[in-house]
Structures are given as structure tokens and as C-alpha cells.
Amino acid sequence: MPAVIALLTASALAADPLVDVRTAVPDAVLDVRYATERNILGRAVYPRAAAFLRRSTAAKLAKAADALRARGLRLVIYDAYRPLSVQRLLWKAKPDARYVADPARGSAHNRGAAVDVGLADEAGRALEMPSPFDDFGPRAAHGAAGVPPAAAARGAELKAAMEAAGFSSLREEWWHYKDPAAKDWPLLDVPLEDIR
Ligand SMILES: [Zn+2]
């Protein structure tokens, strides 16, 4: 990384660091698929099941979680900050810009500003959503046909809470939400092992 970019990145991170999602949302249910074999790569690429976001984005997630908690729901976190090196692995496995961001441009995940979420009940049991996470197909889209009504309603409830908290949604993926403030934030390749 060129020295000047590294310096700008360091100062951006000093002002708005990557924080553990559970500091903002203590009851979040972690189901971090890239720490397991249950992902499109079929192997673990994160050293542990942990989720990080820029602090200002995590504060928005806390707002969504508060609204959902009042309705007896908890957030499930599938992914949050994703190092750029992992983005390159995903792109190699699925070079389709509808579902995976080209690492040359980067994803809001690489900026610590996107989060993949589902819903669980108060006991932390995952609830059926419109499709499985990372199921890259028509059922993953918002408002897709053929989705059981209860699952479709949960997808809509999640979207309403996330958008009210300041996130924007992606048409093709019911689980993906990004913080629009991140547009000009740097792409990061801080290894997860290095985040305290
Ligand atoms: Zn995502």
C-alpha cells in the first residue's frame, strides 16, 4: 500500500475505528459463515467467528437492533467487515458483479460499512428468511415470487428496520445492507486477527 494511502487510512480508522459488532448489539447472534465451511468457497477464510464494523456504522446497526428487539426479534450476523484479500477470493469463486463486488472497485464490506443480516427469535433461534444466506438466485431478491409468506414478511420487516436506521438495501440480496456514508471511505485489508 502506498505510504500516503496508508496514512489516510490510519487517520480515518483512528477517528472511526473498526469495532466488534457485539459492543453495539450485545444480543446479536453470530453466524459468520466465512469462519466456517458453509460459504461459497467451501472453506473457512476467517480465523474466528467475529464481526466488525466502523463505529459509526455499528451505531446505525444498534438502532435497527433496538427497533427489532421491541418486536421480539434479534439480528443474525452472517458477515460484516471483510478484508480486501478475502474479497479477491470470493471474486475468483463467483466473478458475477450482481452478487460479488469486483475487488478492483471494492465492496462496502471492505470499507467496514456493510453487514449481512438475518433475524432470530428472542431465544436466538434463526428464523426462516426468504432464501438461505448467499443463495445467489432469484429467491434472494427483495419481493421474490415463491417465498413462503412468513419468510417474505420477515424480509420486509428486516428491510424496514435497517432502512429506518440509515442503511440502504440491495435489490438482489435480502441480507445485504450498506451504510451510504461509506462511499468515500478507504478499502481496508486489515486482517481480522489484527483487530482488537
Ligand atoms: Zn453483503
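A few comments on the model shown:
- Qualifying positions in segment 145-196 - outside any helix (DSSP H, G or I), loosely packed, with under 14 Cβ neighbours inside 10 Å and more than 15 Å from the ligand (Cβ to nearest atom): 145, 146, 148, 191, 196
- Residue check, residue 106 open to solvent by 10 Å² or more (accessible area, probe 1.4 Å) and more than 14 Å from the ligand (Cβ to nearest atom): no
Yes or no, residue by residue, for (1) of a type in the set (Gly, Ala, Ser); (2) within 25 Å of residue 105 (Cβ to Cβ); (3) crowded, with 18+ Cβ neighbours inside 10 Å:
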| position | (1), (2), (3) |
| --- | --- |
| 12 | yes, yes, no |
| 18 | no, yes, yes |
| 33 | no, yes, yes |
| 69 | no, no, no |
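- Here residue 135 clears all of (1) within 14 Å of the ligand (Cβ to nearest atom); (2) touching a strand residue (DSSP E or B) at 6+ places or on another chain (Cβ under 8 Å); (3) open to solvent by 40 Å² or more (accessible area, probe 1.4 Å) except the condition numbered (2).
- Options 114, 140: the member that is surrounded by 13 or more Cβ atoms within 10 Å (Cβ to Cβ), within 18 Å of the chain's Cα centre (by Cα), small (Gly, Ala, Ser) and farther than 18 Å from residue 49 by Cβ: 140
- On inspection, residue 60 does not qualify as more than 16 Å from the chain's Cα centre (by Cα) and touching a residue at least 40 places away in the same chain (Cβ under 8 Å).
- Selection status of residue 93, open to solvent by less than 10 Å² (accessible area, probe 1.4 Å) and touching a residue at least 24 places away in the same chain (Cβ under 8 Å): no
- Apart from one condition, residue 119 fits all of (1) at pLDDT 95 or above; (2) within 14 Å of the ligand (Cβ to nearest atom); the exception is (2).
The values are calculated or read from the model by the stated rules, or taken from the named source; none is laboratory data. Predicted, not measured: the structure shown is a model, and the values here were computed from it. Reconstructed Cβ throughout: ideal geometry from the backbone, glycine too, with neighbour counts over all protein chains shown. Only protein heavy atoms, including side chains, enter the accessible area calculation; ligands, DNA and RNA are left aside. Shrake-Rupley method; radii C 1.70, N 1.55, O 1.52, S 1.80 Å.
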